[in-house]
Amino acid sequence: MRVLAVIHGANVRGGVFQDVVEEAGHRYDEWSLATGAASPRPLEDYDAVIVFGGSMHADQDDHHPWLRDENEFILHLVERDVPLLGVCLGVQLIAKAAGEAVYRMPDGPEIGWVPVERTRAAADDPVFRGLPDRFDAFGWHYYTYDVPQAAEVLVTGPRCNQAYRLGETTWGIQFHAEVTLETVRSWLDDKEEFPLDLDRDVLWAETQERIGSWNELGRDLCAAFLDVASARRAGKARGELTDVRA
């Protein structure tokens, strides 16, 4: 299976998701629309796409004109029912492509460990049914979004939606389930991105304590998404559509 990772910066990449893809024997390619380069392979060759985060914001088309191209790309994926997983900026871009608003968090950014809870719908969802009912998620975002009208909410948080499914093949998570300890350290060291009213040392200590179990959850989530993509690929090869909830 071929998996395309859409990235938006050198320190917002695949993390444990890339590990899971490659350990399963799948091909993992990275692509950034911001560079203007062509995709590594024809886009129709990919069986699944993961859209990761970035320091830019989903409504900054004027500053980052390539976001318009990415919007069209995401729409094309959704229309073709290509298995798609959006992470942080990625989940916001999917909501935007679906016609919903993206905007700054009303009371400032949500950075650090956030208590979240699965909805009842998540119990039957093929990507989220294996996750705990409640867990602390690692978040790092300045923006949130309105959930697409046709979407099913899967995870909620105290300040914003944390995950949803749109249709049968598109998922989005606001939290960073892919993040590694090294990535968090690079974000903490970026003085332009870290708010002055947060304590770096406290967050770093907490992250060092939690990252092991967090990476296990991220690996499980990614593996479940790949299972959906593999089942769909097999169904297409047989000339039939696969119900991902089966």
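The values are calculated or read from the model by the stated rules, or taken from the named source; none is laboratory data. For clarity, every value in this text was computed on a predicted model and none was experimentally measured. Counting neighbours? That spans all protein chains shown, and the Cβs are built from the backbone with ideal geometry, glycine included.
Just wondering, is there one or more residues in segment 25-32 that are modelled with pLDDT under 95, exposed (fewer than 15 other Cβ atoms within 10 Å of the Cβ) and more than 14 Å from the chain's Cα centre (by Cα)?
Within segment 25-32, the subset modelled with pLDDT under 95 is none.
Checked segment 25-32: no residue is modelled with pLDDT under 95, exposed (fewer than 15 other Cβ atoms within 10 Å of the Cβ) and more than 14 Å from the chain's Cα centre (by Cα).
Taking segment 1-12 as the range and being touching a Phe, Trp or Tyr at 6+ places or on another chain (Cβ under 8 Å) and either without any contact (Cβ under 8 Å) to a residue 40 or more places away in the chain or among the hydrophobic types (A, V, I, L, M, F, W, C) (or both) as the test, the residues that pass are Val3, Leu4, Ala5, Val6, Ile7, Val12.
Name the residue that is nearest to Arg233 (Cα to Cα), counting only residues in segment 21-53 that are in a loop (DSSP other than H, G, I, E, B) and without any contact (Cβ under 8 Å) to a residue 24 or more places away in the chain. Per the stated criteria, the residue is Gly25.
Sort out which residues of segment 126-141 are buried (at least 16 other Cβ atoms within 10 Å of the Cβ) and either touching an Asp or Glu at 6+ places or on another chain (Cβ under 9 Å) or charged (D, E, K, R) (or both), and write them in order of number. Break it down stepwise before answering.
Of segment 126-141, the ones buried (at least 16 other Cβ atoms within 10 Å of the Cβ) are 126-128, 131, 135-141.
Those that are buried (at least 16 other Cβ atoms within 10 Å of the Cβ) and either touching an Asp or Glu at 6+ places or on another chain (Cβ under 9 Å) or charged (D, E, K, R) (or both): Pro126, Val127, Leu131, Phe135, Asp136, Gly139, Trp140, His141.
Of everything in segment 54-102 that is β-branched (Val, Ile, Thr) and part of a helix (DSSP H, G or I), the residue that is surrounded by the fewest Cβ atoms within 10 Å (Cβ to Cβ) is Val78. Only one of the numbered conditions (1) surrounded by 22 or more Cβ atoms within 10 Å (Cβ to Cβ); (2) part of a helix (DSSP H, G or I) is not met by Ala123, and that is (1).
Would segment 68-75 turn up any residue that is among the aliphatic types (A, V, I, L, M) and touching a residue at least 24 places away in the same chain (Cβ under 8 Å)? Reasoning before the result, please.
In the first step, residues of segment 68-75 are kept if they are among the aliphatic types (A, V, I, L, M); the result is 74-75.
From what's left, touching a residue at least 24 places away in the same chain (Cβ under 8 Å): none.
No - not one qualifying residue is present in segment 68-75.
In summary, Glu152 fulfils each of the numbered conditions (1) at pLDDT below 95; (2) closer than 23 Å to Glu79 by Cβ with the single exception of condition (1). In this structure, Arg210 qualifies as assigned to a helix (DSSP H, G or I), among the basic types (Lys, Arg) and more than 21 Å from Val3 (Cβ to Cβ).
Can you pull out every residue in segment 111-120 that is under 30 Å from Glu192 (Cα atoms) and surrounded by 15 or more Cβ atoms within 10 Å (Cβ to Cβ)? Give the steps one after another, and end with the answer.
Here is the first cut: in segment 111-120, the residues under 30 Å from Glu192 (Cα atoms) are 111-116.
Of everything in segment 111-120, those that are under 30 Å from Glu192 (Cα atoms) and surrounded by 15 or more Cβ atoms within 10 Å (Cβ to Cβ) turn out to be Ile111, Gly112, Trp113, Val114, Val116.
Looking at segment 140-161, can you tell me whether even one residue there is of a type outside the set (Ser, Thr, Tyr), touching a Cys at 6+ places or on another chain (Cβ under 8 Å) and more than 17 Å from Ala224 (Cα to Cα)? Checked against the condition, which is being of a type outside the set (Ser, Thr, Tyr), touching a Cys at 6+ places or on another chain (Cβ under 8 Å) and more than 17 Å from Ala224 (Cα to Cα), segment 140-161 yields at least one hit. Out of curiosity, is Gly108 surrounded by fewer than 18 Cβ atoms within 10 Å (Cβ to Cβ), small (Gly, Ala, Ser), out of contact with any Phe, Trp or Tyr (no Cβ under 6 Å at 6 or more places or on another chain) and at pLDDT below 95? Yes, satisfied.
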